[in-house]
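This report refers to the structure that appears directly beneath it.
The values are calculated or read from the model by the stated rules, or taken from the named source; none is laboratory data. Computed from a prediction, not measured in an experiment: that's the story for all the values here. In this analysis, Cβ positions are derived from the backbone assuming ideal geometry, glycine residues included, and neighbour counts consider all displayed protein chains. What goes into the accessible areas is simple: the full protein's heavy atoms, side chains included, and nothing from ligands, DNA or RNA. Shrake-Rupley method; radii C 1.70, N 1.55, O 1.52, S 1.80 Å.
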Amino acid sequence: MTGVRERIEERAATVAVIGVGYVGLPLACHFTKAGFRVVGFDIDEDRMKSLQRGDSYIDDIDDKRLERALDNDFVPTSDPEKLSEADVFIVAVPTGIQEGEPDMEAIRQASQTIAEHAPDREILYVCSSTVFPGAADEIVRPALQAGGRRPGEDTLVAVVPERINPGGRYEFEDIPLIVGADSDLERTAAQKLFNAVTVGTAPVTSTKAAEMAKTLENTYRMVNIALVNELARHAEEVDVDIWEVINAAGTKPFGFQEFYPGPGVGGHCIPVDPQFLTWLGRREGDPLRLVEQANVINETMPAHVVDQVETGLGARGVPIDDASIVVLGLTYKPNVSDIRNSPAMAICENLCAKNATLTAIDPYVDSTTLANDQIEPENEIDRDLIADADITLLLVDHDVFEYDALEDAPFVFDAQNALPTETAMPVLRLGDGESLSNAHSRPASSATSSTTFQS
Ligand SMILES: NC(=O)c1ccc[n+]([C@@H]2O[C@H](COP(=O)([O-])OP(=O)(O)OC[C@H]3O[C@@H](n4cnc5c(N)ncnc54)[C@H](O)[C@@H]3O)[C@@H](O)[C@H]2O)c1
């Protein structure tokens, strides 16, 4: 039997993807497309049955694409015995934060399952989940060893953090991937594998460096968003429009990258991964104060939006517990169905707790997936509903929303700068001090139905 590198080169290697979700399913499809046989293993039997039927549950993979993968030897399964057929194991299971500590339990379990079921020959283990710097050393290698594998010898170990952006404009194959491993042998094996499906790989000399590079990417984004969120709140105090300020600063051709404020950060990465670093900083007795503080600023944004809405309604004589509110968008970002850590959901829950009457509109969200039964999203914007509501909150700028449907809205809060600056209806814009003072001082009766609204 040849080594795993040769089997990868000859496309004779079977690739097992462990955890077939937002990250794992696209990976499985790309490897089948590149000519590898792929086993997709997931502990969620319903998900695997759905894939076997040809029903995708991931926005970025439609049923046609899944069908092509199934035709090309993609085998979704919940049977760990099938892992004995694989040469390469790519782990894409969930990771998270529980009470301030990294939750790496799924990584440990997946590593243990691989050790128990992998064939007795050289294999390649790749961690594509986002983990804290040092997780391969502290969790992966010990779990493999406990299962009788010899990391660095019969089990090559690499960390190749996933960089996809669901709903975003970059295709998987156009994004280079960082490949970290502690030896040349392990690194070149992983590079050969990922060079088959992506535009290129960026090697680093340890698994820890790759883990840290991934957490740096998401921390950079989180900290910069916190910076503009903090400045947005300052702009509200000093009567400046932060959106105008950012666009002006963005004309500088170097040294500045535009980030925009919003109602908070959500999803499974930006609010979570930087906490791997802050936890590590505290554990090592060297707290990362900037990152800690940035997290706090973003976490307080949903409550800030609720405060602004309450103040705006109060200025119009509508107490929050008597207010009828329409919310546009529940997901954590536009054009996806993912509501994990969504600031829009946090805002809705906060408003429900204040006894406001709420109607949410989000064509991407199925009410059965929501824990809060007070929020039952409608699919389409209803003009009459908006005209009758005391305020409409624009929280997520889905492409399918047509904002001329807001023409008759008596009052709008725009958290995304999605509406034109000149509208006849009063619009409170997050981070726009001028809009706040206008909306707060403008009597409710000045809302007019003959608007000059342009979408
Ligand atoms: N979603 C993204 O956009 C994105 C982008 C980059 C990185 N990541 C990272 O990738 C990892 C996976 O994220 P995701 O969004 O794909 O998660 P997900 O929840 O969509 O999918 C994970 C899958 O793993 C399965 N699973 C859990 N434990 C398992 C086990 N022991 N064995 C086999 N399967 C198991 C779950 O049933 C689920 O289907 C996380 O670390 C995440 O931070 C996610």
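Couple of notes before you dig in:
- Selected residue (criterion: nearest to Leu193 (Cα to Cα)) from residues of region 169-179 that are open to solvent by 40 Å² or more (accessible area, probe 1.4 Å) and within 18 Å of the chain's Cα centre (by Cα): Glu171
Matching residues to (1) in a strand (DSSP E or B); (2) more than 13 Å from the ligand (Cβ to nearest atom); (3) closer than 23 Å to Lys214 by Cβ; (4) not hydroxyl-bearing (Ser, Thr, Tyr):
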| position | (1), (2), (3), (4) |
| --- | --- |
| Ile90 | yes, no, yes, yes |
| Glu116 | no, no, no, yes |
| Val131 | no, no, yes, yes |
| Leu144 | no, yes, yes, yes |
| Glu153 | no, yes, no, yes |
| Leu156 | yes, yes, yes, yes |
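- Test result for Pro420, within 27 Å of Ile242 (Cα to Cα) and in contact with a helix residue (DSSP H, G or I) (Cβ under 7 Å, 6 or more places away or on another chain): no
- Qualifying residues in region 120-164 (those that are charged (D, E, K, R) and in contact (Cβ under 8 Å) with a residue 40 or more places away in the chain) - the one surrounded by the fewest Cβ atoms within 10 Å (Cβ to Cβ): Arg121
- Residue in region 96-105 that is away from the ligand (no atom under 14 Å from the Cβ), modelled with pLDDT of 95 or more, farther than 24 Å from Arg37 by Cβ and not in a loop (DSSP other than H, G, I, E, B) present: yes
- When region 90-101 is filtered for residues that are of a type outside the set (Val, Ile, Thr) and crowded, with 22+ Cβ neighbours inside 10 Å, only Ala92 remains.
- Residue ID - nearest to the chain's Cα centre (by Cα), chosen from residues in region 261-290 that are within 16 Å of the ligand (Cβ to nearest atom) and among the small types (Gly, Ala, Ser): Gly267
- Against the list (1) under 28 Å from Met222 (Cβ atoms); (2) more than 16 Å from the ligand (Cβ to nearest atom); (3) open to solvent by 70 Å² or more (accessible area, probe 1.4 Å), the condition Thr369 fails is (2).
- Taken as a whole, the condition of being part of a loop (DSSP other than H, G, I, E, B), small (Gly, Ala, Ser), within 26 Å of Thr95 (Cβ to Cβ) and not assigned by TED's automatic domain parsing to the domain that holds Asp60 applies to Ala371.
- Considering region 118-129, the residues that are under 18 Å from Leu185 (Cα atoms) and of a type outside the set (Lys, Arg) include one that is farthest from the ligand (Cβ to nearest atom), namely Glu122.
- You will find that of Val245, Val204, Val240, Val223, the residue that is β-branched (Val, Ile, Thr), out of contact with any strand residue (DSSP E or B) (no Cβ under 9 Å at 6 or more places or on another chain), away from the ligand (no atom under 16 Å from the Cβ) and over 26 Å from Val336 (Cβ atoms) is Val245 and no other.
- Residues that are part of a helix (DSSP H, G or I) and either surrounded by fewer than 19 Cβ atoms within 10 Å (Cβ to Cβ) or acidic (Asp, Glu) (or both), drawn from region 193-207: Asn195
- Helices (runs of 4 or more DSSP H) within region 1-77 that include 3 or more residues within 16 Å of the ligand (Cβ to nearest atom) and either within 22 Å of the chain's Cα centre (by Cα) or surrounded by 22 or more Cβ atoms within 10 Å (Cβ to Cβ) (or both): 24-33
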